Amino acid sequence: MVGFSEKEEALVKSSWEDLTKTFPEYSFYFFTMLVGSAPAVKDLFPFLKGSNEIPKNNPQLEAQALKVFKLTFESAIQLREKGGVVIADPTLKQLSSVHVQKGVIDAHFEVVKEALLKTVKEAVGAKWSEDLNNAWAKAYDGVAALIQKGMKEI
Ligand code: ISQ
């Protein structure tokens with residue numbers, strides 16, 4: 001079990017406030033970063049497929065981005081409260097099978113992680129620190145590892 005310090009939890013919680021204050025803006029930034037480093041992932045999202053631009057004010061895009069950030073945030077809270085990330089079995093099975101169906105590979109988890117960390121940096125501005133970055137990275141790795149394991153068991 002990895003665990004999370006009180007300070008790490010506080011850092012993630014404070015940046016979560018920054019992110020969610022203007023989430024539409026950061027969801028656009030997140031997808032811009034993601035597609036910028038891995039253009040092929042556009043094919044995995046119906047609202048990006050065949051388009052040269054990331055749509056602005058797109059509720060589906062925002063909802064998808066929110067899923068990733070929320071799952072990572074919840075993972076941070078669990079690391080603090082339980083010492084590890086737990087996802088209820090039916091939820092994990094569903095998440096894992098959607099990722100298998102979409103053809104997600106391990107490299108995708110890396111590019112999403114990078115885009116997520118860049119977005120956190122953008123959202124917190126001058127409050128950014130290595131510790132903050134590492135806390136989000138740890139939370140992301142925790143949930144990503146569970147989904148990746150789940151994908152192998154489908
Ligand atoms: C993974 N799962 C659901 C939604 C997502 C949005 C962006 C990047 C990765 C994602």
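The values are calculated or read from the model by the stated rules, or taken from the named source; none is laboratory data. Keep in mind that this is a model prediction, so the values were computed, not measured. Here the Cβ is made from the backbone with ideal geometry for all residues, glycine too, and neighbour counts use every protein chain on show. Protein only, heavy atoms only, side chains kept; ligands, DNA and RNA dropped before computing areas. Shrake-Rupley method; radii C 1.70, N 1.55, O 1.52, S 1.80 Å.
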Practice prompt. Keeping to the range 19-54, report how many residues are out of contact with any Phe, Trp or Tyr (no Cβ under 6 Å at 6 or more places or on another chain) and either among the β-branched types (V, I, T) or outside any helix (DSSP H, G or I) (or both).
Written response: 15
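Per-residue answers, yes or no, for (1) loosely packed, with under 12 Cβ neighbours inside 10 Å; (2) within 24 Å of A135 (Cβ to Cβ); (3) more than 15 Å from the ligand (Cβ to nearest atom):
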{"residue": "A10", "(1), (2), (3)": "no, yes, yes"}
{"residue": "W16", "(1), (2), (3)": "no, yes, yes"}
{"residue": "T20", "(1), (2), (3)": "no, yes, yes"}
{"residue": "M33", "(1), (2), (3)": "no, yes, no"}
{"residue": "S37", "(1), (2), (3)": "no, yes, no"}
{"residue": "D43", "(1), (2), (3)": "no, no, no"}
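Matching residues to (1) within 14 Å of the ligand (Cβ to nearest atom); (2) surrounded by fewer than 18 Cβ atoms within 10 Å (Cβ to Cβ):
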| site | (1), (2) |
| --- | --- |
| L61 | yes, no |
| L71 | yes, no |
| A76 | no, no |
| E81 | no, yes |
| P90 | no, yes |
| V98 | yes, yes |
| A107 | yes, yes |
Discussion item. Out of everything in the range 118-154 that is among the hydrophobic types (A, V, I, L, M, F, W, C) and not in a helix (DSSP H, G or I), what residue ends up being farthest from T20 (Cα to Cα)?
Written reply: I154
Practice prompt. Give G125, G142 a once-over and let me know the one that is in contact with a Gly (Cβ under 9 Å, 6 or more places away or on another chain) and farther than 18 Å from Q64 by Cβ.
Written response: G142
Worksheet item: Of the residues that make up the range 85-99, is at least one charged (D, E, K, R) and within 25 Å of F4 (Cα to Cα)?
Response: yes
Discussion item. Quick check on A144: is it touching a Lys or Arg at 6+ places or on another chain (Cβ under 8 Å), aliphatic (A, V, I, L, M) and over 15 Å from S5 (Cα atoms)?
Written reply: yes
Item to complete: Determine, yes or no, whether A115 is in a helix (DSSP H, G or I), without any contact (Cβ under 8 Å) to a residue 40 or more places away in the chain, in contact with a Leu (Cβ under 9 Å, 6 or more places away or on another chain) and open to solvent by less than 40 Å² (accessible area, probe 1.4 Å).
Response: no
Item to complete: May I ask you to list pairs of residues, at least six apart or on different chains, whose Cβ atoms are under 7 Å apart, with the first in the range 25-41 being under 13 Å from E53 (Cα atoms) and the second being within 12 Å of the ligand (Cβ to nearest atom) and open to solvent by 50 Å² or more (accessible area, probe 1.4 Å)?
Response: none
